[in-house]
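Before any comments, here is the structure.
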Amino acid sequence: MRLKVGDLVQVQPPAEIGVGRVSARVVGWVEGQSLLLTIPQLPLGRLRLCAGERMVVRAFTGRSAFAFSCTTLRGTARPSDYLYLSFPDRIDGVDVRSSPRFRLKAPARVTPAQATESVHATIDNIGSTGAMLVCETALGAVGEVMQIAFDVVLHDIPVSLALRAEIKTADRAADSGQYRHGVYFFEPSRNDQLVLAALVWFNMYENPGLSA
């Protein structure tokens, strides 16, 4: 994976904990033995885990998305300030450099450039770097930057995203009269990159019939 100390990863604790995915940073590792992360912080304090609990860790390196399972070697009760995990036996990865697209058909709230109120649009398809928006009205011209907010569900966990996007293509479908805008996600945060990569992963491996 070529992870570095300080890189951001997403940790998915057991479902019964009920916190969804949380972010942590890589502190270090011992090849074949253990992986050390910072303990994710929640609104009510640190994430509490017991030794032996199984979880999934996901990482996005800029070109590829990775996921692996591991076990908590030590509980997160104080005085420990780190999350000690078993070293993964297997790491699955997918190359997302070409940004494959998947049918989403999800509602989105779009705020065009220079506008103060959002309008409703539909995300027809989406990839790790961009999406196709369909709307009853024009959202802007090529080169303009808009705000896009939408919700997705990954492994039964609701996730909300708010992204800046630049319009790369804009046309109007002759049959439906709807406006179509191809957009490129503009400087997404590291966490948003992880979520988008996870969305690509989910569709590629668990819902391949939705490929665009």
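The values are calculated or read from the model by the stated rules, or taken from the named source; none is laboratory data. Fair warning: this is a prediction, and the values are worked out from it, not measured in the lab. With ideal geometry, Cβ positions are generated from the backbone for all residues, glycine too; neighbour counts draw on all protein chains shown.
Filtered by the rule that a residue be at pLDDT 80 or above and surrounded by 17 or more Cβ atoms within 10 Å (Cβ to Cβ), the stretch 87-101 gives a lone residue, PRO88.
Filtering the stretch 157-183 down to residues that are under 16 Å from GLU136 (Cα atoms) and charged (D, E, K, R), which residue is modelled with the lowest pLDDT? If we take residues in the stretch 157-183 being under 16 Å from GLU136 (Cα atoms) and charged (D, E, K, R), then ASP175 is modelled with the lowest pLDDT.
Quick one: in the stretch 118-142, which of the residues that are modelled with pLDDT of 90 or more and out of contact with any strand residue (DSSP E or B) (no Cβ under 6 Å at 6 or more places or on another chain) is nearest to GLN178 (Cα to Cα)? Restricting to residues being modelled with pLDDT of 90 or more and out of contact with any strand residue (DSSP E or B) (no Cβ under 6 Å at 6 or more places or on another chain), the top hit is GLU136.
All of ALA173, ALA149, ALA115, ALA138 fail the test of being surrounded by fewer than 17 Cβ atoms within 10 Å (Cβ to Cβ), within 20 Å of LEU199 (Cβ to Cβ), without any contact (Cβ under 8 Å) to a residue 60 or more places away in the chain and out of contact with any Gly (no Cβ under 8 Å at 6 or more places or on another chain), apart from ALA149.
VAL110 falls short on exactly one of the conditions (1) within 21 Å of VAL200 (Cα to Cα); (2) in a strand (DSSP E or B), and that condition is (1). For the stretch 40-86, the candidate set comprises residues that are within 18 Å of the chain's Cα centre (by Cα) and not in a strand (DSSP E or B); within that set, the residue that is modelled with the lowest pLDDT is GLY62. Among the residues of the stretch 28-39, is there at least one that is at pLDDT below 85, out of contact with any Cys (no Cβ under 9 Å at 6 or more places or on another chain) and among the hydrophobic types (A, V, I, L, M, F, W, C)? No, because not a single residue in the stretch 28-39 is at pLDDT below 85, out of contact with any Cys (no Cβ under 9 Å at 6 or more places or on another chain) and among the hydrophobic types (A, V, I, L, M, F, W, C). Applying a threshold of 8 Å to beta carbon distances and a minimum spacing of six or more residues, or different chains, the list of pairs starting in the stretch 69-80 at a residue that is closer than 22 Å to ALA59 by Cβ and ending at one that is among the polar types (S, T, N, Q) and modelled with pLDDT under 75 reads ARG74/SER80. Those residues that are within 9 Å of ALA108 (Cβ to Cβ), surrounded by 21 or more Cβ atoms within 10 Å (Cβ to Cβ) and out of contact with any Cys (no Cβ under 9 Å at 6 or more places or on another chain), I need them from the stretch 118-135; list them, please. Within the stretch 118-135, ALA131, LEU133 qualify. Pairs linking a residue in the stretch 81-92 that is in the same structural domain as GLY45 (by TED's automatic domain parsing) and aromatic (Phe, Trp, Tyr) to a residue that is outside any strand (DSSP E or B) and surrounded by fewer than 13 Cβ atoms within 10 Å (Cβ to Cβ), with Cβ atoms under 9 Å and 6 or more positions apart or on different chains, are TYR84/ALA51; PHE87/GLU31; PHE87/GLY32; PHE87/GLN33. Note on the stretch 176-194: residues that are hydrophobic (A, V, I, L, M, F, W, C) and in contact (Cβ under 8 Å) with a residue 60 or more places away in the chain total 1. Within the stretch 188-205, identify whether any single residue is of a type in the set (Lys, Arg) and assigned to a strand (DSSP E or B), and answer yes or no. No: zero hits.
Count of the stretch 152-161 residues, restricted to those that are in contact (Cβ under 8 Å) with a residue 12 or more places away in the chain and farther than 12 Å from ASP192 by Cβ, is 5.
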